[in-house]
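Remarks on the structure that follows.
The values are calculated or read from the model by the stated rules, or taken from the named source; none is laboratory data. As the structure is a computational prediction, the values presented were derived from the model and not from experiment. Using ideal geometry, Cβ is built from the backbone for each residue, glycine included, and neighbour counts are taken over all protein chains shown.
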Amino acid sequence: MYKRQPLAFTFAGLWEIDPQWLEEHLAEVRVLDVREPEEFDGPLGHLPGAQPVPLGELAQRVAEIPPDLPVVTVCRAGARSAQAAVLLRRAGFERVANLGGGMLRWRADSHPVEGGVGG
């Protein structure tokens, strides 16, 4: 039986995580939502258990992120979270992946959310 690989290496040199795998393994990773607070609590909602740390604060708050679990970065569409993944790698985190397509893809694929419209 075909099994999806959870990670893909992008042309930009980043690891991206498969949303379906992520949904099935949320308890095994730390989801870091790098959107602004009004976005985290806004219409798109957020992934269950996500830790909010806006991208603009991440460099100063990196010590708040325990390195015990792999980190998955999330934003609205995937650009800011890709930047966050690079920042975390430079800060010494080895197990970091971006949720490609961000919350827009997550919602479009009908994965579970907390808050938001219909969440």
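Taking the criterion of being touching a residue at least 40 places away in the same chain (Cβ under 8 Å) and either surrounded by fewer than 16 Cβ atoms within 10 Å (Cβ to Cβ) or farther than 14 Å from L99 by Cα (or both), the only residue of segment 50-85 that qualifies is L69.
Return the total of residues in segment 38-49 being assigned to a helix (DSSP H, G or I) and touching a residue at least 12 places away in the same chain (Cβ under 8 Å).
If we filter segment 38-49 for residues that are assigned to a helix (DSSP H, G or I), which is where we start, we get 38-40.
Retained after the next criterion (residues that are touching a residue at least 12 places away in the same chain (Cβ under 8 Å)): 39-40.
Final tally of qualifying residues: 2.
Among the residues of segment 41-53, write down those that are closer than 16 Å to G78 by Cβ and under 13 Å from the mean Cα position of the chain (by Cα). Talk me through it step by step, then tell me what you get.
Here is the first cut: in segment 41-53, the ones closer than 16 Å to G78 by Cβ are 44, 46-47, 50.
Once the filter is applied, which keeps residues that are closer than 16 Å to G78 by Cβ and under 13 Å from the mean Cα position of the chain (by Cα), segment 41-53 yields H46, L47, A50.
Take the residues of segment 1-37 that are under 17 Å from C75 (Cβ atoms), in contact with a helix residue (DSSP H, G or I) (Cβ under 9 Å, 6 or more places away or on another chain) and assigned to a strand (DSSP E or B): which is modelled with the lowest pLDDT? This residue is W15. The set of residues in segment 50-73 being closer than 18 Å to V29 by Cα and part of a loop (DSSP other than H, G, I, E, B) consists of A50, V53, I65, P66, P67, D68, L69, P70.
Looking at R76, R107 in this structure, which one is in a helix (DSSP H, G or I) and farther than 15 Å from R30 by Cβ? Break it down into steps so the answer makes sense when it comes.
Values: R76 fails: in a helix (DSSP H, G or I).
Criteria check complete, one pass: R107.
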